[in-house]
Structures are given as structure tokens and as C-alpha cells.
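Coordinate-derived values only; no laboratory data. Predicted, not measured: the structure shown is a model, and the values here were computed from it. As a convention, Cβ positions derive from the backbone with ideal geometry for all residues, glycine included, and neighbour counts pool all protein chains shown.
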Amino acid sequence: MDLSEPLGATQARAAVISDPSVLFGGISAEGEPGDIMMINDRVRFVIQGVRDGNYILREGGGVIDADIVRPDGQVGRDAVEEWSVLVGFGRTVVPDRVQVISDGRLGGPAIVRVTGKEGPLKIVEGALETPGLLPNLGMTFVTDYVLMPGSWLLEVSTTIAGRPLDPRLPGGDALLAAPEVTLPFVPGAGLNGTTSDFPWIGVVSNHDDMALLVGAPEGGALTTTGGDILTDLVSLITAYAGPVDLDDGTHTWRRTFGVGPDLATLSDAVLADHGVQTEVVSGTITAADGPVQGARAVVLVDDAPYTIAVTDADGAFSAQVPAGSEHRVLAEGRGNGLFIDLPAGAGASSPYAADPVEQRILDSLRGGAMAVPSAAGRGVATVADPLTLQVPATLQLTVDDGLPFTARLSFVDPDPAAPEGVARPRPNGLAAAGWSRDDALSLVVEPGTYDLLVHRGLRYELFTERITLQAGDDLTREIALPEAFDHAGWLLADPHMHSAPSPDGELPMEDRLVGAAAVGLQVHFGTDHDHLTDYRPLLEPLGIASVLTSVVSDEVSPPLRGHFNIYPVDPADAPNGGAWLWWIDIPENTEAIVDALRARHGPDFVLQSNHPNHNGVANHGRWSAGQIARPSHWTDRLEAVEVLNAGEHDDFFPFWHDVVLRGRTLTPVGVSDSHSHFGGIPGVSATFILADTDDPTELTDARVSQVIKEGLTLPTLGAFLDVGLPPGTTHTGSATLSVTARSASWAQVDRLILLQDGVEVERIEGTSATFTLKPEADALYVVVAEGDQPMAPLTSRTPWAMAGPYRVDVEGDGWSPPLAPLQIGED
């Protein structure tokens, strides 16, 4: 069947995918040949076949991609990672067969049937390291997906067969929708809201280009009660339809999955599906400059958010509400406040999209695509004038050196309040923020007075100005961001960053890379949780390949063992890019994790301990000075450790220092561990690596591995230590170490401190010092730079940096550690 053929209003189709070009894109796209597509003239769904999939649910039989049927020239906007049957907090379906029952060519609906048996949600058993936690109850499943012609909704009916359950478990569905580009919406509570029972639960795009919905059975309600453990572990939406009653041997429930251009389209369809009498709420949203396209009309019922309609080119909207209900509408047009310097209509990349799909995304990043209009900078309407928005103002920023940069506008006056659950949250409390990939950036905001901050991370000076913007303004600022210091031969790297592939990532891969370049990073590490994601193909289409390179990495993240980064590694054509999935192969101890990683990826990658005292190997191994009390949760094979994470060093530096003083060789690194556009102070909390080049395009994986394993790093929170001796080196007899702290004027270093064997032996006020390293016995030295003043307005943190360790072998007979070896206890 040709699944690319446009369908009419009376047609629906289902077929096994043979041509990958019929698949569609989006941040979560992962369909492939062998899966099944269901499509009509409005919507399209992909049901995973019997194969291992990506993300946390490998088993097939669930919806893995969903989007509306888009016009030619508009790229896909899939945001579904997982959408599958869920019983209790951890039982799902392991399919035996996924088959087309009716392909729709004879008229009527398209039908796909999934048959299978019960299986545990392995992420639960793996996270708790308890195989068999969810014993098999002998249930079998048959799920029918039915797509009617002309419908926005996919009808889903599941029949469970088995012996009676005691206690009865709730039956429903789990939806993992990409949190990087969506927010959940519950009628009666609104955006990011919660309530006990609801007729449907929705997901809305931050850019108003799609919406998702799970609809309750007719006459019933959905609830999240019963899935708390799972939602705490993973950012899933659980929607239970009621207890599974197998007293008669079987239990069946029906619900609907929907995808539409906006939430109101789907809530209207659910009302019709439930046979509810309705009335139409409609109108036009305008501003002083005319009708507003792409604005949100938030419909409130009984004074609580009920649904969201998006306006058309004429500013018009329409939605249905239950007949006789008290209702009103409030317009919202402030947007999400984030401005990424991408071409209009550009799509979001998925690491698991089929090749022709990903090529369309890359093309859109180079030249743009048909855009979906979305209002920005128009604020929230007032109760007195609920359908009138403001005229936005535009701030055009350019820099004189042609390099990427970032800018933010913060409120001077209090942010105008909006009713709870109605308006999108401000980005990090700001009016707007943006990241450029070249020398220009535009921010669209509501009229007002703002503090402007433009910067490029710790390597450059920054720019600030208080700006007043009037409605309709198009203000231009030409800005200089001078380089603050020279760091020849050293590149600024961040060996711990996240984006969309991570289940808790809060931004697309493109945003992460553009953001990394904009804050002056030169080496990005894509350390997504339990995914091996190659960001490198995005660099050229984004136009930043000359200023930023990327290292393929993985943050291996078993909750009871701590988190470990491995890099550089090669991705594979396998689930999650070939990452080792600890919830599938549950480890017996932490050494077994290292064994599994080395067996899979070879001997060359770096093994790095992340945030060692905060869900890391130090606290799980129960480290205290000089000892490990829980050896089953410890490994001696670490090669690097974070001494600085997201600006925090007081907890992590002492662990590293204690271990190296006892003879271990561990390279110190600083990272942002950023999961969002703002978190972790990207470009300030980082690591300089001795790359022996100033050109990031010349950095090889082999050099990355060598640099880290040899200790050629300078962890930094705002300053670069220009050292006369490479860190990580050993010297015979004595050595002279010259140190100069270099930093921008907003990151002032006040002193340099020399530590010998963990004790402060010299303190120099200022930024330059020459230290004589001449101990009486073998010793280990570290230099620490400190500043007293916060690095305002960028962060409230004060500057900090370190260089070392430097070992001095007095007799030249081999260096001996100053402290006794680390004592390994017994479990």
C-alpha cells in the first residue's frame, strides 16, 4: 500500500511500513520499516512492531509516533516517546503479534490488533535492582487500535484475560510525551496542573504546532492514582481508567488517543465521542495591530482552565464546552519566551528517526520549512478585555565579531500575574532569552522595562543595559563582547550535558548545541541518560561546526549505583544507540557495570564518576575519608571524577582530593550537568582541556581520551589558570609552579591557595603567584583560585578554579602517596 497517497475524508488506512520515506519527523520520531502506520486525512500514528525499541519501553505494540497530516513543506512534529498499556505501576504488554486486521481499502475503519502476554516494566525492576519484583500474574492482552475516517481520535480497546486479581490493579495507559517541547494539561487544573479525576488528559506543544490527548471511556473518568512510583521515576503521564476486574475471566476497557493541531480540536472530539451535549464558544483575538494568528484562547469552565484553542489567520477560534456550563475565554499570546536562532519552520532532530526523515530535518535546519504561526510577546489578556492582546516589541541584537552569543531580558517591574494554569511559565523567571548561532538574534517581548544581559560565557566580557521597549518598537543594539584572556592550546569543554534523548532533558538537541556555542563552549559532550547519541551531524546544518565540536558519550544511570559518564564511544544501530541498558541486564555489583561497559565499548573510553557525593559512587559506596564501607557499590577503575558540578564544588572536591592523596589516579573535571536551557551555568561551570590546538575541529576522539586519562584538565568556575606546568604531572626533587588566574572583569579572582598533602601551605592575595614545590618527603600539590564577589549578573556563584594534582617524587625512586591507601570494607 502506498502510505504517502493523500486520503479523503471517507478514507482510513493501515499497513506495514516498507518505505521509510512515508514516516514523519519530530523530536521523538523512531518509526521504521516493519512497524505499522495508521492514517486518515487528519492524523497518522505508528504502532511499533514486534522488535526492540528505544527509550525505556523496548517492547512493541504501542504507539511510538503520532502527528497530524501536514501540508507539503512542513516537517513532522511527533512528540510521543512511549504510549502503551499499563496495569498497576509496572506491568505492560509483551506482544507476540502486531497485525493489520483491516487495512481500510474496502471502506470503514483501519484496524490493527496487538496480542501478547504480561511482562514487567523492566525500568521499575531495574531501578530497584529487584528482578521478580513484579511477578507474572498470568494475564494475556488483546488491544485493538481503530482509526475511523475523518476522525482525530484513535479508538483503543484492550481485553485482559486471566485469573481474578487480589487486590485489583488499575488498568490504563502510560504516555511519555517529549517534555522538551510539551506541557501536560488537565481540564479543571490547566497547564502542569493535577486533579483526581478527569474526562481526558492532554499535552500541548510549547510552540502551538500539535497536541496529544488520552480520552476516558464514555461515562467514565481517568485518574493518575496508582502510578506515583512510576511517575517519580520517569516523566510519564499515567491515565488509569479503573480497576481490572477479572472475576469473570476477562476485562475490557475502551479509551481514545488523539493528536490534533490544538487541544480544543481533541477535547471537542472527546465530547462528541462521549455523547455530551455541547455549546460552541468562539470569537476573535485581536490587538491594536489587527487580528492575532497563533494566539491561545484558553477556555475556562466553572472558572478553571478546560481546553486551549489556537487562532487562525483571522484571529478566530472555536471550541465546545458542555451545554449549560459557566464558561469564559482568556487570550494568551506571550509565547514560551525562548528564541533559538533557527530558520523559520525548522524541525527537531531525533536520534532514532529513519534516514529520509532525518534528512528532511537537516534540510530544514539549513534552509527552513513551512512554519506554524505562534504568537509571542503579546502577554495575557485582562479579565476586563479578555480577547485583546498587546502589540509586541522586538529587540534586534548584533555583535561585532560574528560569533554566537546569548541574551536575556529580565523584569525590572514585577511580572504581570496570570491566572494559574492559563499561561505558559516564564523561562527561568525571565521575560525572554535567546541563543544565536551567528552574529544576530531577535527577541520578541511584551512592552516594558527590562535589564538586558548579553554574554558568551567565561571567556568573554559581557554587556548589560536597562532598556525600555514600547509597543511596536523595533529596537537595534550593536554589542561588543571582547575576549577576556588568551588560553592558547586549551579548549573549553563541558563533559556533562543533556538534551532531548534524556528522559529528564528539557530542550531539543539543536537548542543544546546552539546554546553551547553561544556560551563559548568549544567541546560539547552529549551525555544523555542511557542513550548513545551522535550530535555531530547537526553541527554543519546549524552553521556552528567551526566553533564547536561534539563527543559521543553516555551517562550510565542506575539509580542505586550512581551515575557514570563514558566517552568517547561509538554509537551503534541498536536500541538507544547501543547504550548498555542496566534495567535489562541488572548488575550484581558496580564492578559488573564496568565489566559490561568495557565488554561492549572496549578499553579506550574514559570512565567518569558524576556528582560523586550526590547520587554518585561516593555516597552509594559509603565513602568517608580514607574508606569505602560498601564495596559492592564501588569500583577502583574510575579515571575521572567531577570536582565541580553546576557551580558546586564544596561537596565534590574533598572526595577527589582524599582519593588522590591515597594513591589513586583520578582526573578532575568541571561540568554544568545542564538539563535545560539555563541549569548548571553552561559556559561558566566547565573544564579547560589541553588540546594542543585552538581549533575545535582538530580535536580527535583519541586526543580527548588521552587528555582526560593523563589529567590535562583545569576545572573552572569562571577563571582560567595559566599554569607553567601541565596538571597531572610528576616531578623529581622539586619544581617551580607559576600560576596566573585569568578571567573576565565580572569574575574577579582574589587569591591563589597552594595545598600540600591536603593542607594549605601558602596563600597569595591577587591573581599571580610562583610557588616552589620542595617537600621533605613525597607530596601532592593542588592550586585553588578563589573569588569573593558573585559573578553577577550571570550567577550568584563566586569564582573558583583548580589546577593539579602535581606530584613531587623527592628521591626519584617512585612517588609514594602521603596518606594510607583507601580502605575497602565489607558489605
**Asked** Are there GluC sites (Glu not before Pro) in segment 461-494 that DSSP puts in a loop and that have at most 11 other Cβ atoms within 10 Å, and which ones?
**Response** none
**Cα centroid separation, segment 196-227 to segment 339-416 (Å)** = 27
**Message:** Cβ neighbours within 10 Å, averaged per peptide: list 514-522, 496-504 in order, most packed at the top.
**Reply:** 514-522, 496-504
**Fraction of antiparallel bridges per DSSP, segment 638-741 only, in percent to nearest 5** = 65
**Complete:** Computed, not fitted: 222 nm per-residue ellipticity of the chain from DSSP H runs ≥ 4 (each -39500 (n - 2.57)), nearest 500, equal to -3000 deg cm²/dmol
**Complete:** Within segment 304-441, the percent of DSSP beta bridges that are antiparallel, given to the nearest 5, stands at 70
**Request:** First measure r as the distance between the Cβ atoms of Asn615 and Asp289, then evaluate 1/(1 + (r/R0)^6) with R0 = 60 Å and state the FRET efficiency to the nearest 0.05.
**Result:** 0.75
**Message:** If you consider only alpha-carbon coordinates, what radius of gyration and Dmax does segment 251-385 have, in Å?
**Reply:** 18.1, 57
**Request:** Return the distance in nm (one decimal) between the two label points of a simple spin-label model at Glu698 and Thr398, each offset 7 Å from Cα along Cα→Cβ.
**Result:** 3.2
**Complete:** Once phi for every residue in segment 796-808 is put through the Karplus expression 6.51 cos²θ - 1.76 cosθ + 1.60 (θ = phi - 60°), the whole-Hz ³J(HN,Hα) values, with Gly and Pro written as x, are 8, 5, 9, x, 7, 7, 8, 9, x, x, 10, 9, 10
**Message:** Could you give the length gained by full extension between Glu710 and Leu137, i.e. 0.36 nm per residue of separation minus their alpha carbon distance, to one decimal place?
**Reply:** 201.0 nm
**Complete:** Sorted by chain and then number, the residues having a modelled amide H within less than 5 Å of the amide H of Met497, at least 5 places away or on another chain, are Phe525, Thr527
**Prompt:** Within segment 267-311, what residues put their amide N at less than 16 Å from the label point 7 Å along the Cα-to-Cβ vector of Asp413?
**Reply:** none
**Asked** Using the Cα gyration tensor of segment 675-751, with a ≥ b ≥ c the square roots of its eigenvalues, what is the shape: rounded (a/c below 1.5), prolate (a/b larger than b/c) or oblate (neither)?
**Response** oblate
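State to the nearest 20 debye the size of the charge dipole of segment 261-398 about its Cα centre, where the only charges are +1 on K and R beta carbons and -1 on D and E beta carbons. Write down the numbers at each step before the final one.
On the way: 6 positive and 16 negative charges, 77 e Å.
Using Cβ point charges on Lys, Arg, Asp and Glu, segment 261-398 gives about 380 debye.
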**Fill in**
Simple SL model, points at 7 angstrom along Cα→Cβ for Asp52 and Asp385; separation in nm is 6.1
**Request:** Compare the peptides 679-687, 708-716 by average per-residue count of other Cβ atoms within 10 angstrom and give them in order, highest first.
**Result:** 679-687, 708-716
**Request:** Give the percent of DSSP beta bridges with both residues in the chain that are antiparallel, rounded to the nearest 5.
**Result:** 85
**Request:** Go through Val759, Leu794, Val783 and say which Cα lies farthest out towards the positive end of the charge dipole of segment 749-794; charges sit on Cβ, +1 for Lys and Arg, -1 for Asp and Glu.
**Result:** Leu794
**Asked** Assigning unit charges at the beta carbon (Lys, Arg +1; Asp, Glu -1) and nothing else, what dipole magnitude in debye, to the nearest 20, does segment 1-84 show about its Cα centre?
**Response** 200
**Fill in**
Taking every C-alpha to C-alpha distance in segment 464-608 and binning by 10 Å from 0, the per-bin percentages run 10, 34, 27, 17, 8, 4, 0
**Asked** Put +1 on the Cβ of every Lys and Arg and -1 on every Asp and Glu Cβ in segment 37-165; which of Gly150, Gly107, Met37 then has its Cα farthest towards the positive end of the dipole?
**Response** Gly107
**Fill in**
Burial-style ranking of 531-542, 606-617, average other-beta-carbon count within 10 Å with highest first, yields 606-617, 531-542
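Using a simple charge model, +1 on the beta-carbon of Lys and Arg, -1 on the beta-carbon of Asp and Glu, nothing else, what dipole does segment 214-340 show about its Cα centre, in debye to the nearest 20?
Value, rounded to 20: 300 debye.
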**Prompt:** For Gln522, what is the net charge nearby, where nearby means another residue's Cβ is under 12 Å from its Cβ and Lys, Arg count +1, Asp, Glu -1?
**Reply:** -2
**Asked** Any idea how far apart Glu483 and Ser4 come out in nm if each label point goes 7 Å out from Cα toward Cβ?
**Response** 4.8
**Asked** Could you state the number of Å between the C-alpha centres of segment 287-334 and segment 730-787?
**Response** 62
**Asked** Is any residue of segment 768-790 close enough, with backbone N under 20 Å, to a label point placed 7 angstrom from the Cα of Thr732 along the Cα-Cβ axis, and if so, which?
**Response** 773-781
**Message:** Can you divide the C-alpha Rg of the chain by 2.2 N^0.38 Å and report the result to two decimal places?
**Reply:** 1.00
